[in-house]
Structure formats: C-alpha cells, structure tokens
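Scroll down for the structure; my scribbles are underneath it.
Derivation of every value follows stated rules applied to the coordinates shown; laboratory data play no part. Quantities reported herein were computed from a predicted structural model and do not represent experimental measurements. Quick reminder, even Gly has a Cβ in these numbers, built from the backbone with ideal geometry, and neighbours come from all protein chains shown.
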Protein chains: 2
Amino acid sequence: MSTFYDCIPCLIRQSLDAVRRVTPDKQIHERILRDILKATSEMDMALPPAAIGKMVHRRIRELCCSDDPYRESKERFNRLALQLYPFLEERVKHSLDPWETAVRLAIAGNLMDVSVKSNLREDQVCAAIEECLKERLYGDLQRFADAVAHAHDILYLADNAGEIVLDRLLIEQMPLDKVTLAVRGAPVINDATRLDAEVAGLTRIVRVIDNGSDAPGTLLHDCSAGFRSHFNDADLVIAKGQGNYETLIGLSKQIYFLVRVKCPVVARDLGRPVGSLVLHPSGSGHALH
Amino acid sequence: MSTFYDCIPCLIRQSLDAVRRVTPDKQIHERILRDILKATSEMDMALPPAAIGKMVHRRIRELCCSDDPYRESKERFNRLALQLYPFLEERVKHSLDPWETAVRLAIAGNLMDVSVKSNLREDQVCAAIEECLKERLYGDLQRFADAVAHAHDILYLADNAGEIVLDRLLIEQMPLDKVTLAVRGAPVINDATRLDAEVAGLTRIVRVIDNGSDAPGTLLHDCSAGFRSHFNDADLVIAKGQGNYETLIGLSKQIYFLVRVKCPVVARDLGRPVGSLVLHPSGSGHALH
C-alpha cells in the first residue's frame, strides 16, 4: 500500500511521540522532527508508510545512541501477555470454537502497539482483549482454517512484542511442524525480534527466523535473501498487523492478514471501520505491488 | 505563542484539508504537501502557527489561481449567521444578563472555523450555539465589562466570516463610538475581511479597518503601519479566536481573548480543556513576545 497523503501528518505525529518516549531532550525532538519533515518532503509516496517508519526509527536510535530504545516497553508487554497466557490458553481450550477464539485473541494482541497508541495502559489491554472476544470479526474463519489445513509451508509474520505471546495461542492450533515464525531482523519501535519469540516460548515449538530488516513491516527488498527465500517457498503467509498489511497487500501470494484496524487510511483500504477485527485474504489475481 | 512541535503535524493535516476543499487536483495536493513539509522542516519554531498558515494559504491561492478560494464557504456561514441573528438578538435583549449572553454568543460564533473543523454542518452550528449558552464560561465577565466601560479606544479583532455576525451582538453592547473593528487585510482561509464586515452590517455601526495582512492571526510585524498605529493607540483590545490568541498572547497590552479552545496545545497554554469557552485577560507584566 502506498503512503497516502493522510499518512504523512500521522507519521510525523508518531515520530514525535516515539522520540519523546525515548528521550526528554528537546533538541533531539526538534532534530527528529526536522529530519522527518525534510525526508517526507522529498520521499517517493509510492513507498509504503513503513519505509518512512524505518528511516525515522533508525534516526531516533542513532540520535539517542540506543540500539533498542523500546526494550523496556517490549518487556512490559511481554510480561503482561505472559501473565494472561495461562488464562487465555484455558479459554481457548474450553471455548465452543477454539479456532475462532485463538484467531480473535491473536488479533486482539495486535493492539499492543506503541506506535499508534502511545499511552496504552495495562488495564486497557485486558479490557480490549475481552472486547475482542465478543466484537464482530470480519472474515471467513472456516476458509482460513481450510487454508491452514491444506498448506504445507506456513510462514507466520509476527508484529509486536506482547502480541507475539498471543500469537502463540493461534500457532498452537496449527500443525507445528509446518509453521515458520518470522520476526524483525533488528529492533524497530516495539516490533518483535528473536528475543521476544524466545520470551514467548515460541522458539521451543516452531522454527523461528528473522527477516533481516529493521522496517516496521515487511519491505521485501529490504529483507535478507534467506527470508525472501522462505517467503517465496511458503504456500501460506499469515501476516499480523498494519505494518505487514501495508507492505504486503497487493502481492500475488496467498496471504491472510490478521489486523486490528487502527487508522482511517487502512480502514478505507480494507473497507472496514476503524477498530474492527479483520481476517483478510489477499492473493489470487492481485497485481504485484 | 511559539509553534509547538505538536502544531506541526496538525498544520500539515490542516493544509492538506484546506487544499482539498479548494481543488480536487491531486497534483496540487501533493505540491502543497511537499511545500509545507519542506517549509516547516526549515522554519523558525519561535514563530506562531499563523506564520506557517499564511505561507501555506498563499501557496494554495497561487497554485489554485484563486484570490479567495473560501469565498463560498464564507458566504454560507455569513448567510447562516444572518438568518440566526434576529433570534439571537431577541435572546440577548430578553436574557437576564444581556452582557453574558452576548459574550457567550460571540465566543460561540468562533466555532465557524473551517481550518480546524472542516466538515462543519449548519445544524451542528445551531446545536453548538445552544450549547454555548449553557456551558461553563471560564473568565470574569464583570471584569471584562468594567474594562470595556473604562476604555476610551477599543480595538475589536474579528476572526472568521459567519462568526463576525455574532460579534455584532457583543459589539452592540458596547459604546459604539469607541469601537474600531479590524478584519484581515486579504483573504486567508475563512477569516473575515472587509466584505464580511459589510455583510454583517458592522460597517454601518462602527469604524472598520483592515490589518493589511493575510495571516490567519495578527502578526504585528506583517500588519500595515496604519493598523499597528491603531493597535498601539487602543487602550483595550478584544481578540477573537485561536489565531489572534496565538499571535498576540504575551504582549504587554490590555487584551481580552475570547476563544473557544479547539486544540490540545492552546488548551495546555490556557490551562483550560479543549472545547471550553474562555474569556482570558492578557497584559500587565507579561514579557513582550
């Protein structure tokens, strides 16, 4: 998905918000702000928003002299999700439709995203997870279950820390020997890296790879050759979150996007309201983006 | 008031919104967007937001080859306000406290502002005016009445078209021979110019001048020498709206700001919540901005 004009003010707001979370130094805030204004004034708007995100967060890490300024935030969300995990696992097990419950919880986890909602409190996470079990889910759960059942090589693209613990609930509903989980290649915002997959216990149950990139999405040209090869070989890709949606929608490949819609631009693109839970199949007939 | 970092993404959103109202041409939208991104990346952030507004709207007029792209919108709001005027005039006359009612209505008029709320419908205006008569008003009405009673030379700075008709209700509560009304020197957004003062019938009851500037506020250095002289001579300035607030707050002069708070930055600056009606005295002891 190309960057829409409306994404630009939002990306600038997010960048300001991001750098404020990392340092109280106003000079750095102003430098980041000027950098992103200048970069966006010249950028190719056919690129997806994650391309700007990558640039901004690299610059934040550089100016703040920190490889992983969101580590603490990621740990906090991982801890919270791990505390909830046993209860949610029971919930899946005893629900009338464990597949549906697991899909809903995996999408629910997608709200642990500091880039969109910066002041997310833990009690809000719990309330929102509860909501997600009741809300309308847009998408065909049976068709998704069939796609998983027929796939030989499933590539599951994680999104954020914390969320990745809830992804485990869904992954555990799949044939584990067929699943490869991919995380980001390096820290960017609170996106999950290998460390988060380990903390979530996922490295013990499925093969985990990283994509070699530090973009908050999956910019294929920025990913490692190894990841691209996995991506090409997979006959089913499951992509979590808006960053993965924005960067992969339009590819002629069987991809199921599991997204909690967080902004009006993606809402318009998906034809679903902001806030909704979406299971969106891509592929078949779409032009290569 | 300096431009806060948080104003930048908002100004960019407003600019995009403004140009879309004026033309459907996406190439012009993109040019405006790139122009404002570049300009803000280099701007002096000690300037108030109106300095950016001026630049952006000049560029929009230039690219759209239109001297006054908001003329239609201004006429629509003037018409609506003139339709309401006789009813509101009766309301002021028969209220227990005509001064308070007139102040509230003048502030209520301040919501007819296309720069902040772009899709304002007419029924929303009527409902919001009704709300303003009941809501809490932050400020000392008696002290303001005393300031008006003791002043010899009152300069009333109008803000938007439409709103200016409601300003008339308040101006009619004042000694008319002491009041000078100032409008913008040239069209910018839906800010009131001399034409709107005429339509509102104000040129028939008070002296009307223009400030010689096309900024959406009162940037004194950008105003005509004639206006600055009026400004300096006035012993009481009444300034409507956020644009005037942002450009004049901090001056060592007796100014009463009549503002409906429309954004979190001004809310923080004033110490009042977004949406509130504020009558805010400035002056005495403030450093020159």
I need two numbers for chain A: Rg to one decimal and Dmax as a whole number, Cα atoms only, in Å.
17.9, 55
Can you give the Kirkwood hydrodynamic radius of the protein assembly as shown from its Cα pairs, in Å with one decimal?
26.3
If one takes the longest principal axis of the Cα atoms in chain A, at what angle in degrees, from 0 to 90 and to the nearest 10, does the Cα axis of helix A:49-63 lie?
60
Enter the mean number of other protein chain beta carbons within 10 Å of the beta carbon of each residue in A:17-23, as an integer.
1
Where the label is 7 Å out from Cα toward Cβ, how close does A:Arg228 come to the same position in every other copy, in nm, shortest first?
6.1
Once normalised by the length of segment B:184-288, the mean sequence separation of its alpha carbon contacts under 8 Å that are 6 or more apart gives a contact order in percent of 19
Relative contact order (percent) for segment B:7-63, with alpha-carbon contacts under 8 angstrom and 6 or more residues of separation?
45
Between A:Asp235 and A:Leu82, what is the spin-label point distance in nm, taking each point 7 Å from the Cα along the Cα→C-beta axis?
3.7
Chain A: relative contact order in percent, alpha carbon pairs under 8 Å with at least 6 residues between
20
In chain A, what % of DSSP beta bridges are antiparallel (nearest 5)?
25
Name the residues whose placed amide hydrogens come within less than 5 Å of the amide hydrogen of B:Val208, ignoring near sequence neighbours (fewer than 5 apart) on the same chain.
B:Leu181
Kindly put A:Ser276, B:Ser73 in sequence by how many other C-beta atoms sit within 10 Å of each C-beta, fewest to most.
A:Ser276, B:Ser73
Please list 3J(HN,Hα) in residue order for segment B:233-242, calculated via the Karplus relation 6.51 cos²θ - 1.76 cosθ + 1.60 where θ = phi - 60°; whole Hz, with x for glycine and proline.
6, 4, 9, 8, 10, 10, 10, 9, x, 5
Across peptide A:32-38, how many C-beta atoms of other chains are within 10 Å of each residue C-beta, on average?
5
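Within the set B:Lys54/B:Lys253; A:Lys26/A:Lys54; A:Lys26/B:Lys134; B:Lys74/B:Lys262; B:Lys93/B:Lys253, which residue pairs have Cα atoms separated by over 30 Å?
A:Lys26/B:Lys134; B:Lys93/B:Lys253
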On alpha carbon coordinates alone, what is the Rg over Rh value for segment A:216-276, Rh being the Kirkwood radius?
1.00
DSSP beta bridges in the protein assembly as shown: the antiparallel percent, rounded to 5, is 25
Would you kindly work out the equivalent ellipsoid of segment B:161-200 from its C-alpha gyration tensor and give its semi-axes, the square roots of five times the eigenvalues, largest first in whole Å?
19, 11, 7
Report, in degrees rounded to the nearest 10, the 0 to 90 angle that the Cα long axis of helix B:141-150 makes with the longest principal axis of chain B.
80
Distances in nm from B:Pro264 to the matching label points in the other copies, shortest first (labels 7 Å along Cα to Cβ)
1.7
Computed over chain A: longest principal axis from alpha-carbon atoms vs helix A:98-109 long axis, angle to nearest 10 degrees, is 10
For segment B:65-194, what class follows from the C-alpha gyration tensor (a ≥ b ≥ c being the square roots of its eigenvalues): rounded when a/c is under 1.5, otherwise prolate if a/b is larger than b/c, else oblate?
oblate
Modelled label-to-label distance, B:Lys26 and B:Ala46, 7 Å Cα→beta-carbon offset: nm?
4.2
Along the Cα→Cβ direction, 7 angstrom out, place labels at A:Ser224 and A:Thr203. What is the inter-label distance in nm?
1.3
Semi-axes, largest first, in whole Å: what does sqrt of 5 times each Cα gyration tensor eigenvalue give for segment B:7-63?
19, 10, 10
Given the C-alpha atoms of segment B:169-280, compute the convex hull and give its volume per residue in Å³.
111
Suppose R0 equals 22 Å. What FRET efficiency, 1/(1 + (r/R0)^6) with r the Cβ-Cβ distance, do A:Lys38 and A:Cys64 give to the nearest 0.05?
0.70
